[in-house]
Amino acid sequence: MNDKNLTPEQFHICREKGTEPAFTGKYWDCKEDGLYLCVCCGQALFDSAVKYDSGSGWPSFWQPVSKNAITESRDTAHGMIRTEVVCSHCAAHLGHVFADGPVPTGLRYCINSASLNLVERKEDM
């Protein structure tokens with residue numbers, strides 16, 4: 001998908017570093033098995049096997065599919081110091097990572113649903 005195909009909400013979040021309201025995104029409570037891809041470029045970002053309910057209202061993962069899938073940078077917007085997470089391929093804003101996640105990483109990748117596209121895994125027949 002290119003930027004012309006993004007919804008206004010997807011564009012705002014991915015390209016203008018917006019945030020969807022908690023408990024409103026389509027994946028915050030999704031339990032489907034699959035891979036979460038970047039809505040802008042299709043790069044694999046997170047596996048549902050590492051998704052968990054953080055209680056935050058956003059999809060939360062304890063690690064990306066690979067260290068190379070995302071890029072992290074310091075974010076000082078809104079009077080806070082956070083670590084922003086973006087797609088390493090197209091620089092789409094995904095969300096933030098926090099050091100209050102579960103074992104084994106202790107990390108919580110708090111990601112906007114609007115920046116993701118879930119491709120469900122199908123069982124082999």
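Full extension of the segment from ILE81 to GLU16, taken as 0.36 nm per residue of separation minus the current Cα-Cα distance, would add 21.6 nm. Under 5 Å between amide hydrogens, built in the peptide plane, is the criterion, and for LEU116 it picks out VAL39 among residues at least 5 positions away or on other chains. If you find the alpha carbon centre of the range 57-125 and of the range 2-26, how far apart are they in angstrom? Rounded to whole Å, the Cα centres lie 14 Å apart. Considering only alpha-carbon pairs that sit under 8 angstrom and 6 or more positions apart, the relative contact order computed for the chain is 29 percent. Take the Kirkwood radius over Cα pairs of the chain, plug it into Stokes-Einstein at 37 °C and 0.692 mPa s, and you get 227 µm²/s for translational diffusion.
Counting Lys and Arg as +1 and Asp and Glu as -1, each charge on the Cβ, what is the dipole of the chain about the Cα centre in debye, to the nearest 20?
Computed about the Cα centre, the dipole is about 260 debye.
FRET efficiency for the SER66 to THR7 pair, using the beta carbon distance and R₀ = 35 Å, is estimated at 0.80. Taking 24 Å as the limit for the C-alpha separation, the pairs LYS31/LYS122; LYS26/LYS122; LYS4/LYS51; LYS51/LYS122 exceed it in the case of LYS4/LYS51.
Based on the Cβ-Cβ distance of ALA49 and PHE98, what FRET efficiency does E = 1/(1 + (r/R0)^6) give at R0 = 25 Å, to the nearest 0.05?
Computed FRET efficiency for ALA49 and PHE98: 0.80.
None of the figures in this text is laboratory data; all of them are computed from the coordinates on show. Predicted, not measured: the structure shown is a model, and the values here were computed from it. Cβ sites come from the backbone with ideal geometry, for glycine too, and all protein chains shown count toward neighbours.
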